[in-house]
Amino acid sequence: MEKIFTDAGIACRRLRIGVDFEAFYPLEESIERDGPLRIGWCGSRDKHGMKRGLEQYWEPAVRMAGCIPVLQLKEENLITNDHELREKFYRNIDLYLCTSITEGHPTGPLEAAACGVPTLSTDCGVMPELITHGKSGWLVRRRVNAITEALRAISVKGRDNLQTVGLAARKVMERDWNWSKNVHDWIKYFEDC
């Protein structure tokens, strides 16, 4: 959007949202798990279906990589504004996978990062601002084979690497996506309007 407005000669201001760090935070002790990685996604299958790529990219890649899918679907009323329920979802996954073609500020990856869960994502929305490839997450082309290979490579590196990358993602969140900091930019924006 910023590029579209700028190219049209319209001034715009870029503001970041944030995550409530009192509701979403890493556990003090890591959860010991064995077996295949647990890959998470939350949202609605009905809203923006093709854009999210759940059936076209997410499900086949997770299956072909031999990982365990963990879904929280809004239309089934399994994920709501209940922070405790959403927090349990993030605690139950090793990696968040975003296969969207477009996003604005995707709630799932931001909340996952705040909980210390890293994200593998397509290059959409603000994901390149959150993710430094291999350090605070991973960016991948929106192709089933590319996503599958990335999941396999991440699996081979193991859960210790996921924890390291997840904590780096949390630090990015604290620096750039913190509501207690970003709210002041929003207040100034509305005062200037």
Residue under evaluation residue 53, criteria (1) at pLDDT below 95; (2) on the phi > 0 side of the Ramachandran plot; (3) open to solvent by 20 Å² or more (accessible area, probe 1.4 Å), criterion not met:
(3)
Is it the case, given these coordinates, that residue 192 is farther than 21 Å from residue 102 by Cα and among the acidic types (Asp, Glu)?
yes
Looking at region 147-173, which of its residues are farther than 25 Å from residue 19 by Cβ and open to solvent by 30 Å² or more (accessible area, probe 1.4 Å)?
149, 152, 153, 155, 156, 157
Please verify whether region 97-115 includes one or more residues that are more than 23 Å from residue 56 (Cβ to Cβ) and part of a loop (DSSP other than H, G, I, E, B).
yes
For residue 86, state whether it is under 18 Å from residue 116 (Cα atoms) and at pLDDT below 90.
yes
Where a residue in region 1-25 is in a strand (DSSP E or B) and its partner, wherever it lies, is β-branched (Val, Ile, Thr), with Cβ under 9 Å and at least six apart:
19/107
Unique match (being closer than 27 Å to residue 189 by Cβ and at pLDDT 80 or above) among 17, 68:
17
Being polar (S, T, N, Q), buried (at least 20 other Cβ atoms within 10 Å of the Cβ) and under 21 Å from residue 179 (Cβ atoms) narrows it down to one residue among 107, 119; which is it?
119
Residues within region 150-193 that are assigned to a helix (DSSP H, G or I), in contact (Cβ under 8 Å) with a residue 24 or more places away in the chain and not β-branched (Val, Ile, Thr), tallied
23
Residue that is farthest from the chain's Cα centre (by Cα), among those in region 6-21 that are open to solvent by 60 Å² or more (accessible area, probe 1.4 Å), of a type outside the set (A, V, I, L, M) and closer than 29 Å to residue 174 by Cα:
6
Do you know which residues across region 123-151 are farther than 19 Å from residue 112 by Cβ and β-branched (Val, Ile, Thr)?
144, 148
Looking at region 116-149 only, could you name the residues that are over 15 Å from the mean Cα position of the chain (by Cα) and among the polar types (S, T, N, Q)?
145, 148
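The values are calculated or read from the model by the stated rules, or taken from the named source; none is laboratory data. Note that the coordinates shown come from a computational prediction; the quantities given were computed from them, not determined experimentally. We place every Cβ from the backbone using ideal geometry, glycine too, and count neighbours over all the protein chains shown. When the accessible area is computed, the model is the full protein with side chains, heavy atoms only, and any ligands, DNA or RNA have been set aside. Shrake-Rupley method; radii C 1.70, N 1.55, O 1.52, S 1.80 Å.
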